[in-house]
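> A single structure is presented below for examination.
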């Protein structure tokens, strides 16, 4: 990675207990102003963010191992992104591309066509959020195929709109009480190697076998000729950072192609260097028909996209796709600067380096601590699944305690998983080796503490 000059000192530092008094006061104000349905995973309020450091309103400097859920991969205040936003804002903030279009939207579409897998003709439509992109990918697939059924997978997360809640597997907190949901959505088993059963001869279930299990269910329960789209995260995110067994994705893609089904890769979380390549689909040379993109695309500005085969996207009638804010000019400027920074800083290579550093330490931890079920992931999209000692039973209580202990020492980590038993690591790709190692030291100390092994936590400077 090219050397980065940080605006803030890249060092963990605590000056108060967490949350500090100013954060606590903001929490009290929040209770009377913000809807209770909006939850936050940490009780501190940000004042400044740079590189891998979040400075809160009390002056505490915390290590960020979440990057706003894989959004601020280039950092939350990268100078090139800031400059691009400032320049665009000085000219205009909005015209609506559907009324008075502008070059930035076209430039982002051209860039995505060049970066995404496959050399076929491509088109792009821009939106505001990952959920909006997924919803529109389904609309495109239904129009292009003349079919209505959509296939999704166990452990999937695709968003919070009515349609994407239907696509999402996990009920609490995403779906509880919000139904009824959109119809003609069908769920089939995913590949979850850590929790797979075994074949009759005791061998592990392969990716191809897991794919054929899903295909068989589709054939029997839906009928391939009725399916418009298969929607799948190449690495499942909220479901637990589940990396499917090799062969799972290519087998599904080949079957979908043979049956005229649109394969939609939801790369909202996995995209833009997060997994050590531009897109997770590249790992097995998968070429999706449509890709849904968001999160890391624009350095923190709200932007999302559907990019894919021209004949599919162009099948939609004029005016059938769009939105008032979709492809906002400021977000497009941020995206172009962000994509340039990913290339300039070789953040794909940086993600692989993060994986090397983190997995070495976490796998050593797993060998010593019986509540670690599995360390998994790819690039800077890594996870630790926690279990009851000596079993594979989920251990969400330990997971919550570990995240809380890490926060006490100034390290922000996120939890996820269908069973609530996974700590996920999504550090900014521009985090330094030293800061990453410090964060991992705190996390591993928290795990040992909860497991009853070497309970002393690393201390921040004060």
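> Each label point is 7 Å from the Cα along the Cα-to-Cβ direction; what then is the distance between the points at residue 90 and residue 437, in nm?
Computed distance between label sites residue 90 and residue 437 equals 4.2 nm.
> Sticking with this structure for a sec: How big is Rg to Rh over the stretch 27-110, alpha-carbon atoms, Rh as the Kirkwood inverse-mean-distance radius?
On the Cα set of the stretch 27-110, Rg over Rh gives 1.08.
> What nm value, rounded to one decimal, do you get for the distance between residue 103 and residue 311 when each label is placed 7 Å out toward the C-beta?
The modelled label-to-label distance comes out at 3.4 nm.
> Here's a follow-up. Given contacts defined as C-alpha pairs under 8 Å and at least six residues apart, what's the relative contact order of the chain, whole-number percent?
Answer for the chain is 22 percent.
> Is the shape of the stretch 253-310 rounded, prolate or oblate, going by the alpha carbon gyration tensor and its root eigenvalues a ≥ b ≥ c, with a/c under 1.5 for rounded and a/b larger than b/c for prolate?
oblate
> May I pose another question? If I stretch the segment between residue 282 and residue 340 completely, what's the gain in nm (0.36 nm per residue apart, minus their alpha carbon distance), one decimal?
My answer for the length gained is 18.9 nm.
> Per q in 0.15 Å⁻¹, report the Debye log10 I(q)/I(0) for the stretch 388-446, using one uniform scatterer on each alpha carbon and no solvent.
Reported log10 I(q)/I(0), two decimals: -0.47.
> Using every alpha carbon pair in the stretch 238-347, what percent of pairs falls into each 5 Å bin from 0 up to the bin containing the largest distance?
Using 5 Å bins, I get a P(r) of 2, 11, 17, 21, 19, 15, 11, 4, 0 for the stretch 238-347.
> Measure of size requested: the Rg and Dmax of the stretch 142-210, with Cα atoms as the atom set and Å as the unit; please supply both.
15.3, 45
> Take every Cα pair under 8 Å in the stretch 81-344 that's 6+ residues apart, average their separations, divide by the length, and report that relative contact order as a whole percent.
Taking the mean separation of contacting Cα pairs over the length of the stretch 81-344, I get 31 percent.
> OK, next. For the stretch 81-344, take N as its residue count and report Rg(C-alpha) divided by 2.2 N^0.38 Å.
1.01
> While we're here: What order do you get for 105-116, 347-358, 422-433 when each peptide is scored by the mean count of other beta carbon atoms within 10 Å, highest first?
422-433, 347-358, 105-116
> Roughly what % of Cα-Cα distances in the stretch 57-170 sit above 22 Å, to the whole percent?
Tail fraction, whole percent: 57.
> Hey, another quick one. Two decimals, Cα atoms only, Kirkwood Rh: what is Rg/Rh over the chain?
0.96
> Given the DSSP H assignment, sum -39500 (n - 2.57) over each helix run of at least 4 residues in the chain and divide by its residue total; what's the result at 222 nm in deg cm²/dmol, nearest 500?
About -11000 deg cm²/dmol.
Each value in this text was obtained by applying a stated rule to the coordinates, not by laboratory testing. The structure presented is a predicted model; accordingly, all values stated were derived computationally and were not measured. We place every Cβ from the backbone using ideal geometry, glycine too, and count neighbours over all the protein chains shown.
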